[in-house]
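Notes follow the structure.
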Amino acid sequence: MNVIRRENPTFPDRIVGEVNETSVADVDPIVQRSHAAFKEWSGLSLEQRCQVLADAADLVTPELYDQIATLMCAEVGKPLPDSRGEAMYSVSLLRFNIAQASKVLADHVIDDEAGKLVRTRVAFGVVLAITPWNAPIVLSMLKVAPALVAGNSIIVKPSPQAPLAVTLLLETIAAGLPDGVLQVVHGGPEAGDAFVTHPLVRKIAFTGGDVVARHIGVSAARMITPTVMELGGNDAAIFLEDALLDDAAFDRIALATFMMGGQVCMASKRIYVHRGAYDDFVAGFIAACKRSVIIGDPMIEGVTVGPVVSRAAQERLEKLVSDSIAAGGEVIEVGTVIDEEVVANGYFVRPRVVLNLTDEAQLVCEEQFGPLVPIQAYDDIEEVIARANATELGLAASVWSADEDRAFEIAKRIESGFVFINTHNRTGMTPRAPFGGVKKSGFGREYGDEGLLDYTQNVSLHAPAAYRPGGSGGSANAYPGTS
Ligand code: NAD
């Protein structure tokens, strides 16, 4: 059996752990087991499933959160408190889905002079979740929680670049569920392809980059398997002239940009500031980075930014820096490095802001997925809205203004699936707000009621009035509503 070894990006000569790679030959038995589990699981009432899931969530103890956090911190370089926070937040999302289930999944019944219509929600069957490395637990739980609450079974394939913490958490929860309801598998494209094209996989939930998304999308289309696609973004953060820019606001935008080394789908990736406020903004942003963007070993208390995920990512980002300089950008290193030796030897990319770029520069018009951010000046609001929308991506954005009504009006005109007001990234999230992209950032939603509904299909049960007991009978070939 092949194993997948995960190196520590902070200390690349250390191996954090390993998992067994799922072979292509194992795929069919795993899916069959999932399918058998689905039959039993979907036969339970919603209340029964929710109770089993709530009990399973209780298996995640404070000690386990510590273990999970240590693993995630080591395997992807996410600072320890953020890693613990991600695990705790994920279990809270499971509880959120349990709490909203009876309301969101309730039958809708209309019984009137037109007839009786019952609209009910049914599960798909076996769901396949394919997830990335940057938030391995939360991005898995956003699929696991709604899928299981709704009565599906689920197979999760995490990224080989972050397989350890998510496996520990999900296998702990799986131990409290009937056999096969929740399985975790490992592997890259080969195993992935075999799962994606299995005929008993009824829905695929993918979070990741567009290259893999297109590949999976083609295979899924051949199988007529529906997908949810949560892809990348190139979030514009737009600061209006009247934005309230105290230290707290600057700290929010600095961390919204650089937390997790900028490797967050909804990080602020392009900052637009009114020309009149530009110089003050740049100074305030740099000062905030010095205070709050603390770079070093992510296990050390106080560090807020660790390494990037791999040597390949480090090299890609350093090339993006030199390309930005060649494109006329003024590059300024920001933040505070607390351990030069660690930073020099791990896969670190020093956070940088880049000024004086045009919107055609690669750093502005493509997703950088790293700790580099362009700060762009604009002159009027119509112009900045057009520039924010001049991208094929549309995941998230933010509008910052003291005038909340105006900020909401402008937010409506931004082509993205989520617009934060006066904040950006994690601090702007709420479990009750559906999240997902427009344009090439994907389709389908996670979080909120839609995030649960997406794991069910509507089934309509209809008794037309004319043919109900005592009804008029009506014509045998009538078009509805025409007589
Ligand atoms: P990726 O697309 O390289 O990989 C995602 C997953 O797909 C991994 O588990 C990988 O092993 C798997 N995979 C690769 N080839 C496959 C195949 N042929 N069949 C099946 N599975 C296959 O993405 P990544 O580098 O892990 O993550 C970074 C990207 O994810 C960025 O673009 C980021 O913006 C995006 N992202 C989006 C969201 C969101 O919610 N919209 C959240 C986080 C990350």
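The values are calculated or read from the model by the stated rules, or taken from the named source; none is laboratory data. Here the structure is a predicted model, which means the values were calculated and not measured. Here the Cβ positions follow ideal geometry from the backbone for every residue, glycine too, while neighbour counts run over all protein chains shown. Ligands, DNA and RNA are excluded from the accessible area calculation, which covers all protein heavy atoms including side chains. Shrake-Rupley method; radii C 1.70, N 1.55, O 1.52, S 1.80 Å.
All of Asp280, Asp242 fail the test of being in the same structural domain as Leu357 (by TED's automatic domain parsing), part of a loop (DSSP other than H, G, I, E, B) and of a type in the set (Asp, Glu), apart from Asp242. The single residue among Val293, Val282, Val308 that is touching a Leu at 6+ places or on another chain (Cβ under 9 Å), away from the ligand (no atom under 16 Å from the Cβ) and within 19 Å of Val342 (Cα to Cα) turns out to be Val293.
Could you list all residues from region 231-262 that are among the charged types (D, E, K, R) and open to solvent by 10 Å² or more (accessible area, probe 1.4 Å)? It would help to see each step written out before you state the result.
Filtering region 231-262 down to residues among the charged types (D, E, K, R) leaves 235, 241-242, 246-247, 251-252.
Glu241, Asp242, Asp246, Asp247, Asp251, Arg252 - these are the residues of region 231-262 that are among the charged types (D, E, K, R) and open to solvent by 10 Å² or more (accessible area, probe 1.4 Å).
Just need a number here: residues in region 158-205 that are away from the ligand (no atom under 13 Å from the Cβ), open to solvent by less than 10 Å² (accessible area, probe 1.4 Å) and either assigned by TED's automatic domain parsing to the domain that holds Pro307 or in contact (Cβ under 8 Å) with a residue 40 or more places away in the chain (or both).
Step one: filter region 158-205 for residues away from the ligand (no atom under 13 Å from the Cβ), giving 164-165, 168-183, 199-200, 202-203.
Then keep just the ones that are open to solvent by less than 10 Å² (accessible area, probe 1.4 Å); that gives 165, 169-170, 173, 180-181.
Adding the requirement that they be either assigned by TED's automatic domain parsing to the domain that holds Pro307 or in contact (Cβ under 8 Å) with a residue 40 or more places away in the chain (or both) leaves 165, 169, 173, 180-181.
Selection size over region 158-205: 5.
Taking the conditions (1) of a type in the set (Gly, Ala, Ser); (2) within 14 Å of the ligand (Cβ to nearest atom); (3) out of contact with any Leu (no Cβ under 7 Å at 6 or more places or on another chain) in turn, Ala243 satisfies each one other than (2). Condition check for Asn152 on (1) more than 30 Å from Pro307 (Cβ to Cβ); (2) surrounded by 24 or more Cβ atoms within 10 Å (Cβ to Cβ); (3) within 16 Å of the ligand (Cβ to nearest atom): one failure, at (3). Go through region 371-409 and report how many residues are closer than 19 Å to Phe435 by Cα and of a type in the set (Phe, Trp, Tyr). The qualifying residues number 1.
Any idea which of Arg406, Arg468, Arg413, Arg426 is open to solvent by 30 Å² or more (accessible area, probe 1.4 Å) and under 21 Å from the mean Cα position of the chain (by Cα)? Result: Arg426 is the single residue among Arg406, Arg468, Arg413, Arg426 that is open to solvent by 30 Å² or more (accessible area, probe 1.4 Å) and under 21 Å from the mean Cα position of the chain (by Cα).
Only one of the listed residues (Val126, Val109, Val118, Val144) is among the β-branched types (Val, Ile, Thr), surrounded by 14 or more Cβ atoms within 10 Å (Cβ to Cβ) and more than 22 Å from Val201 (Cα to Cα). That residue is Val118. A residue that is within 15 Å of the ligand (Cβ to nearest atom), hydroxyl-bearing (Ser, Thr, Tyr) and closer than 15 Å to Ala129 by Cβ occurs somewhere in region 210-229.
Highlighted here are the strands (runs of 3 or more DSSP E) found entirely within region 351-420 that include at least 3 residues which are touching a helix residue (DSSP H, G or I) at 6+ places or on another chain (Cβ under 6 Å): 372-378.
Output the helices (runs of 4 or more DSSP H) that fall wholly within region 1-76 and possess 3 or more residues being touching a Gly at 6+ places or on another chain (Cβ under 6 Å), surrounded by 15 or more Cβ atoms within 10 Å (Cβ to Cβ) and not basic (Lys, Arg), or say none.
24-43
With a requirement of 2 or more residues that are within 22 Å of the chain's Cα centre (by Cα), the strands (runs of 3 or more DSSP E) lying completely within region 105-151 that satisfy it span 126-130.
Given the criteria in contact with a strand residue (DSSP E or B) (Cβ under 9 Å, 6 or more places away or on another chain), modelled with pLDDT of 95 or more and not β-branched (Val, Ile, Thr), does Leu168 qualify? Reasoning before the result, please.
Working: in contact with a strand residue (DSSP E or B) (Cβ under 9 Å, 6 or more places away or on another chain): no; modelled with pLDDT of 95 or more: yes; not β-branched (Val, Ile, Thr): yes.
When the stated conditions are applied, Leu168 does not pass them.
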